[in-house]
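Values in this text are rule-based calculations from the coordinates and carry no lab data. Note that the coordinates shown come from a computational prediction; the quantities given were computed from them, not determined experimentally. All Cβ positions, glycine included, derive from the backbone under ideal geometry; neighbour counts span all protein chains shown.
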Amino acid sequence: GHPHIARHGDALQIEGQSLAALAAEHGTPLFVYSRQWMLDALAAYQRGFEGRNALICYAMKANSSLGVLRVFAEAGCGFDIVSGGELARVLAAGADPAKVIFSGVGKTRAEMRQALAAGIACFNVESEAELEVLNAVALEEGQRAAVSIRINPNVDPKTHPYISTGLKGNKFGVAHDRALAVYQHAASLPGLRVLGIDCHIGSQITEASPYLDALERVLDLVEAIENAGIALHHLDFGGGLGIDYNHDTPPAADVLWKQLLARLDARGFGDRKLVVEPGRSLVGNAGVCVTEVLYTKPGEDKNFCIVDAAMNDLPRPAMYQAFHQIVPVVARNEVGGVADATIYDVVGPVCESGDWIGRDRALAVRAGDLLAVLSAGAYCMSMASNYNTRGRAAEVLVSGERATLIRRRESIEDQLRSEQA
Ligand code: LLP
């Protein structure tokens, strides 16, 4: 899962750069990303779509830092956005608006206007009410908005309930049974131009079967919609492919897509333009969060390893009981400091019992040691907050010989700037 993160001698490196040296230079907590890992992850999708008409739209919510967006923009990627803020970011990073698609259940009129003005490729519309509003906004602007309607295929992605999105009980998309009627209505609205169909069934999916099920369900609808005389130019299968957090074994993107494309071909849709919206699988294992051990604290039930990163930096354990591997940056036993590992709960300084990064981890550490929280490239910095008035961490992008500070540590002045007493 982490080919660009390796231990050399006793020290952890990312693309050959020492994490300890980067932490000494920039402080902790510090996110460090490998640009090559991102490009390799993207290449797996590109291989999967070789010879096809396909657009890979990086779901930038996974990591929306400008320096990361730039990597994908330079590689010719499209982007999946979910807010006007994300649109502004992606344009600032040099993305081509004609490769931007706009997802999300709650687009505002202002965001719709902003996206129309930018000339994005397509709106992924999630409800009948949104269709009406988008139609009205487009007419006011003298435009026709290109739309794709997000279908809820009602398949179980077999992932955490908070990140499964394609089940009946979820707030996302239009129910399978309503889809044809909604398409017919969309096709009748003068401010809209029906372009495609889309679905997204969840995140951190580690099996191919939910994708295959969703594909069949979507293709059934494509047939019904086209039989009703509405042409669909692209098929968007969303994102969701998982990564290796804890010996997880998701299919590789190219293998998964070869399999899905075979089904698509078998059903006669192989010539359609394909769109995908991967987020986590393009960045998740590209990054680590380096954190310093502040204190070790033996307890009656548990031993605590208190580090300087917290739930505001790494929200996934608190929110989803997510597992991230935690490893020493310089292994203690190798430098001869501590003989035996102790079982710790690794926790942050935030005043909540939910502020934990890892539970029951065997670590040989002392105050002042550095730990690396792995698989921290996706949904960490982009979900970071200022809770407890903690400034957000700094970020470094490593590309071979170069290590670039792509985000400086947030200062207290940054935090206070928009407030007044
Ligand atoms: N497309 C849509 C419409 C989405 O809602 C999402 C993610 C994606 C694409 C990208 O999915 P990915 O390839 O990253 O799985 N914060 C959670 C994950 C939330 C995913 C939200 N939607 C976590 O940390 O696990």
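Applying 1/(1 + (r/R0)^6) with R0 = 51 Å to the Cβ-Cβ distance of Ala110 and Phe304 gives a FRET efficiency near 0.65.
Less than 15 Å Cβ to Cβ from Lys258, Lys/Arg counted +1 and Asp/Glu -1: what total charge do the surrounding residues give? Provide the component values of the computation, followed by the final result.
Values: positive: Arg47, Arg52, Arg263; negative: Glu50, Asp254, Asp265.
Here the count lands on 0.
Between helix 109-118 and the chain, what is the angle of the helix's C-alpha long axis to the longest principal axis, kept within 0 to 90° and rounded to the nearest 10? With both axes taken from Cα atoms, the answer is about 80 degrees.
Within segment 104-276, DSSP assigns beta bridges of which about 5% are antiparallel (rounded to the nearest 5). Here the relative contact order of the chain, from alpha carbon pairs under 8 Å that lie six or more residues apart, stands at 19 percent. Under the criterion of Cα pairs below 8 Å and six or more residues apart, the relative contact order for segment 104-276 equals 20 percent.
Computed from backbone phi with θ = phi - 60° and the Karplus coefficients 6.51, -1.76 and 1.60, the 3J(HN,Hα) list for segment 298-304 is x, x, 5, 9, 9, 9, 10 Hz; x is used for glycine and proline.
Between the amide H of Gly358 and those of Val346, distances stay under 5 Å, these residues lying 5 or more places away or on another chain, with hydrogens modeled in the peptide plane. Taking Cβ atoms as reference points and 14 Å as the exclusive limit, the residues near Ala224 contribute a net charge of -2, counting Lys and Arg as +1 and Asp and Glu as -1.
Relative to the longest principal axis of the Cα atoms of the chain, the long axis of helix 209-227 lies at roughly 20 degrees. Of Arg316, Arg409, Arg178, the residue with the greatest mean-square motion in the GNM of the chain, using alpha carbon springs below 10 Å, is Arg178. Relative to the longest principal axis of the Cα atoms of the chain, the long axis of helix 128-140 makes an angle of roughly 80 degrees. Relative to one another, the C-alpha centroids of segment 392-421 and segment 62-115 are positioned 20 Å apart.
Expressed in Å, the radius of gyration and Dmax of the Cα atoms of segment 27-148 are 15.7, 51.
Translational diffusion of the chain was estimated from the Stokes-Einstein equation, with Rh taken as the Kirkwood radius over Cα pairs; at 10 °C and 1.306 mPa s the coefficient is 70 µm²/s. Only Cα pairs under 8 Å and 6+ residues apart enter the sum, and on that basis the relative contact order of segment 285-421 stands at 29 percent.
Taking the mean number of other Cβ atoms within 10 Å as a proxy for protection, how do you rank 130-136, 393-399 from highest to lowest?
Top of the packing list down: 393-399, 130-136.
For segment 90-99, putting each phi into the Karplus relation 6.51 cos²θ - 1.76 cosθ + 1.60 with θ = phi - 60° gives couplings of 5, 5, 4, 7, x, 6, 8, x, 5, 10 Hz, in residue order, rounded to whole numbers and with x for Gly and Pro. Bridge orientation summary for the chain: considering DSSP beta bridges with both residues in this region, about 45 percent are antiparallel. Each residue of segment 315-320 was assigned a 3J(HN,Hα) from its phi angle through the Karplus curve 6.51 cos²θ - 1.76 cosθ + 1.60 (θ = phi - 60°); the sequence is x, 5, x, 5, 7, 10 Hz, with glycine and proline shown as x. The listed peptides 17-24, 35-42, 275-282, ordered by packing as a protection proxy, come out as 275-282, 35-42, 17-24 (highest mean of other Cβ atoms within 10 Å first). What the Cβ-Cβ distance of Gln184 and Gln259 gives, at R0 = 35 Å and to the nearest 0.05, is a FRET efficiency of 0.60. Taking label positions 7 Å along the Cα-Cβ direction at both Tyr320 and Ala129, the computed distance is 2.7 nm, reported to one decimal.
Mean-square fluctuations from a GNM of the chain, with a 10 angstrom spring cutoff on Cα atoms, peak among Thr389, Thr249, Thr206 at Thr389. Would you mind getting me the FRET efficiency between Arg193 and Arg408? Use the beta-carbon distance for r and R0 = 41 Å, nearest 0.05. Once rounded, the FRET efficiency stands at 0.45. Listed cross-link partners Lys107/Lys171; Lys99/Lys258; Lys171/Lys258; Lys61/Lys302 are compared with a 25 Å cut-off, the Cα-Cα value being larger for Lys171/Lys258; Lys61/Lys302. Mean residue ellipticity at 222 nm, helices only, the chain: -8500 deg cm²/dmol; runs of at least 4 DSSP H residues each add -39,500 (n - 2.57), and the sum is divided by the number of residues.
Near Ser148, within a Cβ-to-Cβ distance under 10 Å, what is the net charge of the other residues, with Lys and Arg +1 and Asp and Glu -1? Summing Lys and Arg as +1 and Asp and Glu as -1 gives -1.
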